[in-house]
Amino acid sequence: MPMAVLGETIPLSSLSAPSSSIPATDASSEAHEDVGQRLFEYGYTGLRLAMALADGGDAGPSKQPAGAPADADDADDADDDDDDDDGKAAGGMVGGMLRLLRRRMREQQSAQTHSGLRSGPGSRAGSATALRARLAQLSASAPPKSSFPFAWISASDFSPASVRTKAVAILDYAFASFANRDATMLLADMHLHSRMLHPRNVTKAIAYYTPLADVGNATAQRVLGLMHATGLGVPRDYAKALLYMSFAALGNDLIAHQTLGYWHSQGIATPKSCEDAVWHYKIVADKVIELFKTGPPGGRTVPMSKVRLPDADGGVFGHGASGSGTPPKSLPQTAEAQRNVRDIYEISAQEGDHSIQLELASIYYSGTRHTPPNHKKALKYFLSAAKAYVGKRPTGEISQSTKHLVSIASMASGYLGTMYWRGEGVKKNEVIARQWFERGEELANPMSLNGLGMMILEGVAGFEIDTRKALQYFTDAIQKDYPDAYVNLAELTLKTGNSDALASALKFYNTAATKPPASPLTLYRLAEFHSKGLGGTPKNCATAFGFYKSLVEKADWHAIDDIGGSSLERAHEHYTRDTTQDLDSAFILYLFAAERGVEVAQTNAAWMIDHGLVGNVGEHKSIPVASNSESASLTDNTDSTVGGELAFHTNDLYEIALILWNRAANQGNVDARVKMGDYHYYGIGLKAFEAFENEQQAGFAEDETEQNNDDYNGDEKSGTDAANTKIISGFAGGLSGAIRKIALPWLSKHEVVVLSKPRYDKAALYYQVAADEASSLAQWNIGWMHENGIGVTKDYPLAKRMYDMSLATNPEAYLAVNLALTNLAVKSFISKSINTVTESISPRAVRAFLKKHHWIEEIDHFPEPENPHEHIKGAIPASVEHGASSLSGSGGSGGSGARKNAFFEGLWTDVAAVGTLSVIIAGLFVMRRLLKVPEPVPVTVDRGVDVNGAGESGAANVAAGAGADNFPADEREAGQR
């Protein structure tokens, strides 16, 4: 049967299925290997040619994958050790030719390939011409057509689609027939990461990675481990992930070591062990420091800090709500804004403004997020700024303007000496570098002093090695608080071998660590000191782990591939292109980096899910109703998939997001902790998360029963008494789901959402912890929960306190806080009024009244409740009482809640008291109706008395008699009675 490979029909007479193992290579048949390698190179070159020729919607320059595909293993390869092993296993020729090809591609990268793929049509044409020449060269030595069932790419057929189709078919043939591992790895990366603009197919990628992993390829083993850990293309299974990752680490894959170190530190898929985590991270750190020292004088340049995607929107919750809520001093600038600033600086620099020249040179030297480093321009402006002051440093009283010019010239001299010594933007010249350092020394520049000390210590630029003189230079630089001088002085102190050398060096390293950016060598030494207990400091595994982790994530040269870009840098490049294919590629790279513990990657991946940027929204498959979370297991996921082409084996993408938010929160991201509260409050993604907590034994200790959960959820939002888990598609999931989706607009970005039963108790815990970490939003949330008694006891004073804290933390929240306080004041007034009425008719008050008037005998025989606060027992789950007793006031008792419920104390006593009062009142009423009222006695008036002499009493009687005659008889009788 024929097999279609991207549109071509290929006979299966000599092909094996992609999922089969790679056949053993005949080491004695060099011709066989040569044919396989030539096929790989031919197909790979054809792919690059297709990309160079691509134009318009097919593969325009704006859609080009990051860095241009100058390497077959355009993945997160740590080094070339795997390729060397593969080459040896295949007889050596394949690996040797591949390395030769890589070197040639890297040489052509800057001159042809990069410019051709990122510049205009002319450059692309030049790159295409060079690749055509390579194709012609390969065609001259092509294998016999009888052994190759494809038509060779003719010179007249160079359309991108045709070239790409045939190139992929050639690579597939090289894999299946000649066991070419390089072709297999390239095909796997193309299907997983959509390299070479190839359509993504996660299932086929696994089929290519699997045979490579079976023969010991560490990169393939690591990728398969990450896919099993994240549920990408396969059911999530951390047991298999640990197995693959362990074998990859045995193959010296540094990223695998970093991943295992993070898993051991968090207890993921393995028992929690700080010592094991430090062991793995130290292996990576040793390699990082080795790479650091292979750089120019002073070490390799540390990569720029990683981009945090939410920062472009003001944070995870937007401006004014993220973090503490306090607006930053400077908002992150867009590329357009930075370009405008540079244009203004350029104009001012050309007009001779030395301050602007120094500022612009610093920008071009270090680079920013939207301004790549340009050492040639930096050198130009540093040279101009160095002319701000000519001559020796002035002495005596000098003006402020002169001081400013001297400072500018001093800093420019230090940078120029560094650039000439390191060969940045100019050919390396130690003599000129020394001259600039000496010029900076005259102007008391600490960078120049440090540079001269390093030159003397190394004995370059005409200096003789003089430890004491170098020590003096470093000391002078320290007096001006130059960070690198502390590191150099510490290193020099260690070489002396004095008895107190370790303690002195530790002091210098600690000082250098407080002055960002910390040098990689500083982080490494501090990790070593705390790991081994050197310099008088006790052993501290946790501190050592923190320094190692910071080092390998900051200086991630081990994660940079041969084309010069780390996985996180390429992820951001994919994200900026803003196409569905690129966004999915960015998410995969962020997700894989998140598994090795990079907090920025964890935040970015979770944030992309929240904003509906993952999985081609609108193409999710429907899934069955999820089961109860108690029976969930990470190794027993549903077979359904979500995420479009990504094919994640999970109920919905929010389950992945919740795990990512949790890991980011555990690394100090306060907004991630607030997100954890939100997810638990609305019941999002809880099924897999609770199963994950149970398996890694790192979650909250839950002691309460389901009955207790039902008790405290009795007065929660409508819909919580429905099924434990609901499937909501669009807004057709019932009123409860619709309300939640209106409350959280981002929830409706994915068509398939699993809403579990909310966990208000855990939400309160996360909010409280975030509130303690100065999150204004969390403080408002926990205040609202105390106000309404959701997840915690209702406590108006504590709610007011949290609202006040939110306003004190973030003054921008005055409107929301004042509205909440107004609402709280109204509620408090109503509550006090109700409590007053309740207290007036409470059993205690009634008993006191009856006892006072002796209306009921033996009143003391009425039973008193043994525990006056027993009515709230079980209202708060045990985990909340154990983990955050402060949430419920004084141990969950007292407060307005106790006063409100005091009416229900001693139920039978209340019934007896009310019944007695009812009998008394009914008896009085009956007596009133049955007793006969006596007739009134008539009053007579003696009219014969002289009125003028009657006095006041007589006049009163007359007036009373006259008035009585004006009323009806029945009313008059009533008045008399």
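The values are calculated or read from the model by the stated rules, or taken from the named source; none is laboratory data. All values derive from a computational prediction rather than experimental measurement. So basically every Cβ, Gly included, is an ideal-geometry build from the backbone, and we count neighbours across all protein chains shown. Remember, those area values only see protein heavy atoms, side chains included, never the ligands or the DNA or RNA. Shrake-Rupley method; radii C 1.70, N 1.55, O 1.52, S 1.80 Å.
Being in contact with a helix residue (DSSP H, G or I) (Cβ under 9 Å, 6 or more places away or on another chain), free of Cβ contacts under 8 Å to residues at least 24 places away in the same chain and of a type outside the set (Asp, Glu) is the filter here, so list the residues in the stretch 437-462 that pass it. Those that are in contact with a helix residue (DSSP H, G or I) (Cβ under 9 Å, 6 or more places away or on another chain), free of Cβ contacts under 8 Å to residues at least 24 places away in the same chain and of a type outside the set (Asp, Glu): Leu452, Ile456. Specify the residue that is nearest to Trp263 (Cα to Cα); the eligible residues are those in the stretch 655-701 that are polar (S, T, N, Q) and at pLDDT below 90. Among those residues, the one meeting the criterion is Gln696.
Within the stretch 324-340, the set of residues being buried (at least 16 other Cβ atoms within 10 Å of the Cβ) and modelled with pLDDT of 75 or more comprises Gln338 only. Of all residues in the stretch 413-446, those satisfying the criterion of being in contact with a Ser or Thr (Cβ under 8 Å, 6 or more places away or on another chain), at pLDDT 95 or above and of a type in the set (A, V, I, L, M, F, W, C) are Ala433, Trp436, Phe437. The number of residues in the stretch 522-543 being under 16 Å from Val487 (Cβ atoms), among the hydrophobic types (A, V, I, L, M, F, W, C) and over 26 Å from the mean Cα position of the chain (by Cα) comes to 2.
Any residue in the stretch 582-590 that is touching a residue at least 60 places away in the same chain (Cβ under 8 Å) and within 15 Å of Lys306 (Cβ to Cβ)? The answer is yes, given that some residue of the stretch 582-590 is touching a residue at least 60 places away in the same chain (Cβ under 8 Å) and within 15 Å of Lys306 (Cβ to Cβ).
The set of residues from the stretch 368-393 being open to solvent by 70 Å² or more (accessible area, probe 1.4 Å) and aliphatic (A, V, I, L, M) comprises just one member, Val390. Among the residues of the stretch 250-278, those identified as without any contact (Cβ under 8 Å) to a residue 40 or more places away in the chain, touching a Leu at 6+ places or on another chain (Cβ under 9 Å) and over 17 Å from Met227 (Cβ atoms) are Thr270, Asp276. Of all residues in the stretch 582-598, none satisfies being assigned to a helix (DSSP H, G or I), acidic (Asp, Glu), open to solvent by 30 Å² or more (accessible area, probe 1.4 Å) and out of contact with any strand residue (DSSP E or B) (no Cβ under 7 Å at 6 or more places or on another chain).
A count restricted to the stretch 772-787 and to residues that are open to solvent by 10 Å² or more (accessible area, probe 1.4 Å), within 25 Å of the chain's Cα centre (by Cα) and more than 12 Å from Leu807 (Cα to Cα) stands at 3. Among the residues in the stretch 546-560, are any in contact with a Pro (Cβ under 6 Å, 6 or more places away or on another chain), outside any helix (DSSP H, G or I) and either open to solvent by less than 30 Å² (accessible area, probe 1.4 Å) or farther than 28 Å from Leu457 by Cα (or both)? Yes, that holds for at least one residue. Taken over the stretch 788-840, the residue count meeting the criterion of being of a type in the set (Val, Ile, Thr) and surrounded by fewer than 14 Cβ atoms within 10 Å (Cβ to Cβ) is 6. Applying a threshold of 6 Å to beta carbon distances and a minimum spacing of six or more residues, or different chains, the list of pairs starting in the stretch 498-519 at a residue that is within 23 Å of Glu290 (Cα to Cα) and ending at one that is in a helix (DSSP H, G or I) and of a type in the set (Lys, Arg) reads Tyr509/Arg525. Within the stretch 175-214, the set of residues being among the hydroxyl-bearing types (Ser, Thr, Tyr) and buried (at least 23 other Cβ atoms within 10 Å of the Cβ) comprises Thr184, Tyr208, Tyr209. Quick check on my filter: what residues within the stretch 136-181 are part of a helix (DSSP H, G or I), at pLDDT 80 or above and among the polar types (S, T, N, Q)? The answer is Thr165, Ser177. Screening the candidates Leu360, Leu379, Leu383, Leu416 for the property of being assigned to a helix (DSSP H, G or I) and more than 22 Å from Pro296 (Cβ to Cβ) yields one hit, Leu360.
Cβ separations smaller than 6 Å between residues 6+ apart or across chains give the following pairs from the stretch 343-355 residues that are without any contact (Cβ under 8 Å) to a residue 12 or more places away in the chain to residues that are of a type outside the set (Phe, Trp, Tyr) and outside any loop (DSSP other than H, G, I, E, B): Ser348/Ile356. When the stretch 463-486 is filtered for residues that are out of contact with any Phe, Trp or Tyr (no Cβ under 7 Å at 6 or more places or on another chain), free of Cβ contacts under 8 Å to residues at least 60 places away in the same chain and surrounded by 16 or more Cβ atoms within 10 Å (Cβ to Cβ), the ones remaining, listed by number, are Phe463, Ala470, Leu471, Tyr473, Phe474, Asp476, Ala477, Tyr482, Pro483.
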